[in-house]
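Enquirer: Please see the structure below; I have some questions.
The values are calculated or read from the model by the stated rules, or taken from the named source; none is laboratory data. Computed from a predicted structure; not experimentally measured. Cβ placement follows ideal geometry from the backbone for every residue including glycine, while neighbour counts extend to all protein chains displayed.
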């Protein structure tokens, strides 16, 4: 049987301490245990290794040749463990180290601006910000914090709402509607040029609500892009009909760059959530970064920014 299977690292640490103190009884007093307990655990370590490590007489303690070789490695290993323990304790107390953050591209500027103020407060922390619209396995990819749009499927993460749900509505430019006409029914969308932010094999499916009625319509996008800013710009340019967050289009509707299409229809709404790991202790860097995001990000709510611009 492999000795590593039965090796108790506590016995290794005890062996190192006995050699350093040159005494079984001194270590027993340090640990508050009987001397027989220390002797028994050293004997157990020797049994697992299958070799004698210490020669003990009534007057002195001597390492065997094997014991000397083993002690040289064991002392370094135990020292490394203690250094690692001290390092982890420092991480729990002082914000230090790297924090990996995932956010959608459309929120990149808002998230980055909040990160700048955090970094100014915590010089010992570095942040790795990744902007991506894809749904990513946060644990597998090693992210500490994620900011996600839509419904939060938290799983192994705690989800905290940053911005409340905002409606998604259908919009097109006056130029497009003059050229192609306005759809009168949901079914008409299949015959129009559409702009989608999610598509599979050339098709996009929109979930639409008309009162209490839920409808799903499949369209073949004339233009597909995985980011709302580009979809918004394409709608204004007259490329087609797009489903966009209402708050992003308030100013465009007021200034007649966009017109709402199918007034009685709404898309699925979803807020913006901050996710962080639910299990295990968080480092001080991750914990303080979470607190900073929760305090600062809500003030960058796109709906508030849009209303301020209009005012």
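Enquirer: If residue 44 meets every condition in (1) under 45 Å from the mean Cα position of the chain (by Cα); (2) at pLDDT below 90 apart from one, which number is that one?
Expert: So residue 44 meets the others, but not (2).
Enquirer: Going residue by residue through the range 24-32, is there one that turns out to be modelled with pLDDT of 85 or more and not in a helix (DSSP H, G or I)?
Expert: Looking through the range 24-32, at least one residue is modelled with pLDDT of 85 or more and not in a helix (DSSP H, G or I).
Enquirer: Looking for something touching a helix residue (DSSP H, G or I) at 6+ places or on another chain (Cβ under 8 Å) and in a helix (DSSP H, G or I) - is there at least one such residue anywhere in the range 55-64?
Expert: No: the range 55-64 contains no residue that is touching a helix residue (DSSP H, G or I) at 6+ places or on another chain (Cβ under 8 Å) and in a helix (DSSP H, G or I).
Enquirer: Another question, if that's okay. Considering each residue of the range 48-57, count those that are surrounded by 13 or more Cβ atoms within 10 Å (Cβ to Cβ) and out of contact with any strand residue (DSSP E or B) (no Cβ under 9 Å at 6 or more places or on another chain), and give that number.
Expert: Selection size over the range 48-57: 4.
Enquirer: Only strands (runs of 3 or more DSSP E) wholly contained in the range 86-188 count here; list those with 3 or more residues that are modelled with pLDDT under 85 and within 26 Å of residue 226 (Cβ to Cβ).
Expert: Filter on the range 86-188 gives 157-166.
Enquirer: Then there is this: What number of residues within the range 233-257 are at pLDDT 90 or above, buried (at least 16 other Cβ atoms within 10 Å of the Cβ) and farther than 18 Å from residue 208 by Cβ?
Expert: 6
Enquirer: Consider residue 176 against the criteria (1) surrounded by 18 or more Cβ atoms within 10 Å (Cβ to Cβ); (2) in contact with a strand residue (DSSP E or B) (Cβ under 7 Å, 6 or more places away or on another chain): it satisfies all of them except one. Which criterion is unmet?
Expert: (2)
Enquirer: In the range 4-31, which residues are touching a strand residue (DSSP E or B) at 6+ places or on another chain (Cβ under 8 Å) and loosely packed, with under 14 Cβ neighbours inside 10 Å?
Expert: 22
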